[in-house]
Amino acid sequence: MMLAAMVWHGVDLRWAYTDLLGSIQRRTGCVQRAYDILHDSLIRLALVRRDTPIPQPHAYLRVVVGNVIVDRYKDEARWVEIPDEESAGAVFDHAPSAEHLAWLNQRLRFMQTILDCLPPRCREVFWFFCVEGYTQPEIAARLGISQKVVERHVARAMIDIRAARQEILA
């Protein structure tokens, strides 16, 4: 007996939860992450405002899934997992030395000095771009400036940081 297709916003949900979910799982290596990505993608599909139906909803959903995967990897790349106390011994053979901590502290202070020398708007753009992980168009919209100005601020900050780094290494 053939089961009728369950169609939602033009997408056959049986296809989505079999073929597409399997494809996502192979790309991510985790079934739970695959379910999360599929659900996020279906939500994005539901939020699309169109006057006409999407001509190829399955192809469209595949593109949305790819975008969600990229967005998740970008977001996850910003975070570093800190091991708990029980597993810390397995990850770190020894605690960092006082010299290493002093060296890191010195580098952080030096970096802060470089950033403090940047104009306030340039520093703000650099922070949003390199620390917060916003894209240049997002920063431009958020600050009410053109994308070209955002590019210039990021380039200026990178040039100043590179010049200071070369000065230290020389």
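For this structure, a couple of remarks:
- Failed condition for Arg78, given (1) on the phi < 0 side of the Ramachandran plot; (2) modelled with pLDDT of 85 or more; (3) loosely packed, with under 14 Cβ neighbours inside 10 Å: (2)
- Among the candidates Ala5, Ala90, the residue that is farther than 30 Å from Ala164 by Cβ, of a type in the set (A, V, I, L, M, F, W, C), modelled with pLDDT under 85 and assigned to a helix (DSSP H, G or I) is uniquely Ala90.
- If you go through the range 72-81 and pick out every residue that is touching a residue at least 40 places away in the same chain (Cβ under 8 Å) and in contact with a Lys or Arg (Cβ under 9 Å, 6 or more places away or on another chain), you end up with 0.
Yes/no per residue for (1) of a type in the set (Asp, Glu); (2) within 29 Å of Asp71 (Cα to Cα); (3) surrounded by fewer than 15 Cβ atoms within 10 Å (Cβ to Cβ):
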site: Asp116; (1), (2), (3): yes, no, yes
site: Cys122; (1), (2), (3): no, yes, no
site: Glu138; (1), (2), (3): yes, yes, no
site: Arg162; (1), (2), (3): no, yes, yes
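- Cross-chain or 6+ apart pairs with Cβ under 7 Å, the range 47-71 first and assigned to a helix (DSSP H, G or I), then at pLDDT below 85: Pro57/His9; Pro57/Gly10; Tyr60/Ile54
The values are calculated or read from the model by the stated rules, or taken from the named source; none is laboratory data. Quick caveat: nothing in here was measured; it's all calculated off a predicted structure. Reconstructed Cβ throughout: ideal geometry from the backbone, glycine too, with neighbour counts over all protein chains shown.
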